[in-house]
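Trainee: Got a structure for you, questions after.
The values are calculated or read from the model by the stated rules, or taken from the named source; none is laboratory data. None of these values were measured; they are calculated from a predicted model. Note: ideal-geometry Cβ built from the backbone for every residue, glycine included; neighbour counts use all protein chains shown.
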Amino acid sequence: MARSGAHTTGVHLHRHEIMRDTQTDTATDDTALPQRSLSRALLFGWRRRCPKCGRGPLLRSYLKVHDRCPVCREELHHHRADDGPAYLTILIVGHIMIPLLHLAFVRWRPEPLVLFTIFAVGAVALSLYLLPRLKGIVVGFQWAREMHGFTRS
Ligand SMILES: [Zn+2]
């Protein structure tokens, strides 16, 4: 319950940041290209959407990135997410599961097989949930910062 409340607050903050970033985008001088909004790209990435339009799906299977956005035709094949999303997934899942494992063991001393089953299923489920979303975030970050081939001419 507390977690879902925190999640809602997080989304609300992102929306606030989008509004702020849109304002700064229009304030740039006309010689430079408008800056790509990082917070918008990260939010769209988390939703597994194209970092530019936020409508087209970013992924064409569980983890494969579309070469181009099916909606706005933005080139997405320039990304080099590599093992970044997996690294972030392990980092987050580890920092959630390890303290919980400690807490569950100290507080309740469950049967080893029960403890193992709950935490194995929990770790796998959380990893499968996070991995494509963190890949979206990594691709969104690279797009917003014009890394690799995402540079505009
Ligand atoms: Zn798009």
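Trainee: Here is a check on your reading of the model: is L91 surrounded by 13 or more Cβ atoms within 10 Å (Cβ to Cβ) and farther than 15 Å from A144 by Cβ? Quick ask: steps written out before the conclusion?
Mentor: Values: surrounded by 13 or more Cβ atoms within 10 Å (Cβ to Cβ): no; farther than 15 Å from A144 by Cβ: yes.
In short, no.
Trainee: Name the pairs: first residue in region 63-83 and under 12 Å from G136 (Cβ atoms), second residue among the polar types (S, T, N, Q) and more than 9 Å from the ligand (Cβ to nearest atom), Cβ to Cβ under 7 Å, at least 6 apart or on different chains?
Mentor: What qualifies is H79/Q142.
Trainee: Taking the residues in region 124-153 that are in a helix (DSSP H, G or I) and free of Cβ contacts under 8 Å to residues at least 40 places away in the same chain as candidates, determine which candidate is farthest from L43 (Cα to Cα).
Mentor: Kept after step one, since they are in a helix (DSSP H, G or I), are these residues of region 124-153: 124-144, 148-150.
Now restrict to residues that are free of Cβ contacts under 8 Å to residues at least 40 places away in the same chain: 124-129.
Details: V124: 24, A125: 22, L126: 19, S127: 19, L128: 19, Y129: 16 Å.
Among them, the one singled out is V124.
Trainee: Let me ask something else. Could you please let me know if T31 is modelled with pLDDT of 55 or more, over 27 Å from L128 (Cβ atoms), β-branched (V, I, T) and away from the ligand (no atom under 15 Å from the Cβ)? Before the answer, list the steps.
Mentor: Values: modelled with pLDDT of 55 or more: yes; over 27 Å from L128 (Cβ atoms): yes; β-branched (V, I, T): yes; away from the ligand (no atom under 15 Å from the Cβ): yes.
Yes, satisfied.
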